[in-house]
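A quick write-up on the structure given underneath.
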Amino acid sequence: MIASVADEPLISTARLLAFGETILGRLDVPQEHAALTARILLEADLRGIASHGMAHLVDFYVRRLQRGKINPRPQLKLDSDQPSAATLNAGNGLGFVAGQHAMELAIEKAQTTGIGWVSVGNSTHYGAGGYYAMMALEHDMIGFSMTTGGRLVAPPGGLGRAIGLNVLSVAAPTSRDFPYVLDMATSVVAAGKLEIARRRGESIPEGWAQTAAGEPLTDPAKLHPDSTLLPLGGTPAMGAFKGFGLTIMVDILTGALSGFGTSAEIDAGLTAAHCFGAMRIEAFQPLADYKERMEHMLAAIKETPRRDGVDEIMIPGEPEHALAEQRRADGRVPVHVAVLAGFKEAAAELDVLYDLEGAS
């Protein structure tokens, strides 16, 4: 049984899915697209990635649909289609729809050519990038997903917002019962971590964000339009140019390569560009040999001497896999009361039944 806390009651996953699908349907989103969006958002919560889960349903998607910032019924169009590569115009629709379609296409191409790569433009926020990379796993492939958005990150030594809060995700099969999953912002943290801290009334560590004057920002409620997040590493002495280099790399592989614009050109996080890739392992070596090498590597990592108080060395993706298994079995995820209040308000506006609290 998963414990609940006062400000984050446990809510039925089945009811969350139904609520998300229904409220998006009220805004002319097709049932298939609404169900997909709710499922991907919930998947983030199951894995403990609350910064990209159902908490964004209303503020990121419902409100933007209401304002006409997202097209509820996009026409996806391939602007380029080659044997191993393609460029997809997402029609300014929900990023989840474009992401699912593009990753399926990348996997299909990799089945034939060994590698598939799809760039996507004219899209919107697509949730947690790891979901799409993980789609490759069941096909014995290594998956990739990247996305950019509006400018929020300062360059090393800079004060203004220069580049997007870009995300890099990679998933690979392993010899264990969990996959390797890297799902990371190329800033010190994702912006959603600041949202969580603000809802909980918590301060944030120095080194996550800075004021317009370059002073450390520790109150997430004071993240104003002239404040910035810092690139991974934080300062040049701690490797910020490495993080900033990764940020630019994602912009190149998403916005520049798709032809739809880098984060310097797009509208403050309302539009986005992505890319998706798949590599079929058997195109390079037998799957069994690959998994044997993975086992040697993971075993060596797991056997590393540990500091006092550390029970186990964890592989990226392992803690999230374990938590997801636990939450699936329980059938509930924690949702902050402020998020539930937003759900209730939107439900009243759109004449949707609100039956989440008290449900198990």
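Numbers below:
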item	result
Leading residue by the ranking (farthest from C275 (Cα to Cα)) among those in segment 168-203 that are touching a Phe, Trp or Tyr at 6+ places or on another chain (Cβ under 9 Å) and in a strand (DSSP E or B)	S187
In segment 65-87, residue nearest to S123 (Cα to Cα) [restricted to those that are touching a Ser or Thr at 6+ places or on another chain (Cβ under 7 Å) and not hydrophobic (A, V, I, L, M, F, W, C)]	T87
Filter result for A90 (over 30 Å from Q210 (Cα atoms) and buried (at least 21 other Cβ atoms within 10 Å of the Cβ))	yes
Candidate set from segment 47-78 (those that are in a loop (DSSP other than H, G, I, E, B) and of a type in the set (K, R)); member that is farthest from A191 (Cα to Cα)	R73
Test: L105 is modelled with pLDDT of 95 or more and part of a strand (DSSP E or B)	no
Filter pass, A299 being surrounded by fewer than 18 Cβ atoms within 10 Å (Cβ to Cβ) and either aromatic (F, W, Y) or assigned to a helix (DSSP H, G or I) (or both)	yes
Positions within segment 322-332 being under 22 Å from P179 (Cα atoms) and crowded, with 18+ Cβ neighbours inside 10 Å, in sequence order	A324, R327
The listed residue being touching a residue at least 40 places away in the same chain (Cβ under 8 Å) and of a type in the set (A, V, I, L, M), out of A299, A283	A283
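The values are calculated or read from the model by the stated rules, or taken from the named source; none is laboratory data. Just so we're clear, the structure is a prediction, and the values are computed from it rather than from any experiment. Virtual Cβ from ideal backbone geometry, glycine too; neighbours counted across all protein chains shown.
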